[in-house]
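Down below is the structure, laid out as structure tokens.
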Amino acid sequence: MNVLKTGFLLALLTVLLVFVGQLMGGASGASFAFLFALAINLGAYWFSDRMVLAMYRAKPLNESEAPQVYRAVREIVSRERMPMPKLYWIPTKTPNAFATGRSPSHASVAVTAGLVELMGEEELKGVLAHELSHVKNRDTLVMTIAAAIAGAIAMLASWARWAMIFGGSGRNRSSGGGAVQLVGLLIVAIFAPLAAMLVQLAISRTREYGADTTGARLAGTPHGLASALEKLERVNRDHPLPNANPATAHLFIVNPLSGDAVAKLFSTHPPAKERVRRLRAMRL
């Protein structure tokens, strides 16, 4: 069911992008937007993992630096017959982790220095199992493409605002189409980014619950991940990840951004208390 819902939401985002192009440029605008969506999907598919890792200055993690990370990952991938992902280290005290990559055979898992320091062995295993479940279910590719399309829609909305400032298309003014175009641009500028954001959040939140459930199974117990989420939520609330990019916030196991109650309403992650409650209620 989660796979079907995610596929539907991704299709909806693509349709929204084409609709935005139609409002801004008619049939030619819709065609351009469709080609733009294809280009975004291809770019996200091939290069998103390298871009994200470079953004956070992640470095390859040697086994001698964190043997407990390698031990936990090897145990899970061996049991699940998954390819061994590349492991990376992010030099920050804020505990967090994310997985990226276009497929299980081209996957990377990054952990922060603070995560390894803060977590006990069972908690660390739970976090890594959560990230490996994203890899197993190909969530990283899905969420990255969703974010890329949503970002493209936001960019088109910015173009629409500039078009309104400079008066839109002169050829439509004399034919009476200027008012219609202005309304279309207004719709794009105001509602398109909101719609894209809500769809992106729905995709991300759905996949997080699924990764928690699968991660608990991969780890052999839900309790380590539940305990880890409680710690991660508390620390990241008081000390958010430095230089965290909102476009990649959905990749992390907990939201790396700070924010007030309104910002949390539009968070890419479901409430930590609800995630913990569901995990505590699981029976494997």
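The values are calculated or read from the model by the stated rules, or taken from the named source; none is laboratory data. Everything numeric here is computed off the predicted structure, so don't read it as measured data. All Cβ positions, glycine included, derive from the backbone under ideal geometry; neighbour counts span all protein chains shown.
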Checklist line | Some residue of the stretch 122-129 being surrounded by fewer than 22 Cβ atoms within 10 Å (Cβ to Cβ) and closer than 23 Å to Thr213 by Cβ | finding: yes
Within the stretch 33-43, the residues that are at pLDDT 80 or above and either buried (at least 19 other Cβ atoms within 10 Å of the Cβ) or within 13 Å of Ile153 (Cα to Cα) (or both) are Ala33, Phe34, Phe36
Going through the stretch 52-100 in order, the residues found to be out of contact with any strand residue (DSSP E or B) (no Cβ under 8 Å at 6 or more places or on another chain), closer than 28 Å to Arg234 by Cα and not basic (Lys, Arg) are Ala54, Met55, Pro67, Gln68, Ala72, Ile76
A careful count of residues in the stretch 44-70 that are surrounded by 14 or more Cβ atoms within 10 Å (Cβ to Cβ), in a helix (DSSP H, G or I) and not hydrophobic (A, V, I, L, M, F, W, C) gives 5
Only unsatisfied item for Ala30, checking (1) under 17 Å from the mean Cα position of the chain (by Cα); (2) within 30 Å of Ile190 (Cα to Cα), is (1)
Among helices (runs of 4 or more DSSP H) entirely inside the stretch 179-284, those with 3 or more residues being at pLDDT 95 or above and on the phi < 0 side of the Ramachandran plot are 223-238, 272-280
The correct count of residues that are touching a residue at least 40 places away in the same chain (Cβ under 8 Å) and of a type in the set (Gly, Ala, Ser) in the stretch 90-106 is 3
Note on the stretch 71-101: residues in contact with a Lys or Arg (Cβ under 8 Å, 6 or more places away or on another chain) and assigned to a loop (DSSP other than H, G, I, E, B) are Met82, Met84, Pro91, Pro95
Within the stretch 230-242, restricting to residues that are touching a residue at least 60 places away in the same chain (Cβ under 8 Å) and out of contact with any Ser or Thr (no Cβ under 9 Å at 6 or more places or on another chain), the one that is surrounded by the most Cβ atoms within 10 Å (Cβ to Cβ) is Leu232
Scanning the stretch 47-71 for residues that are of a type in the set (Phe, Trp, Tyr) and within 16 Å of the chain's Cα centre (by Cα), the one nearest to Leu141 (Cα to Cα) turns out to be Phe47
Counting only residues that are modelled with pLDDT under 95, of a type in the set (S, T, N, Q) and either farther than 27 Å from Glu230 by Cβ or in a strand (DSSP E or B) (or both), the stretch 102-148 contains a total of 3
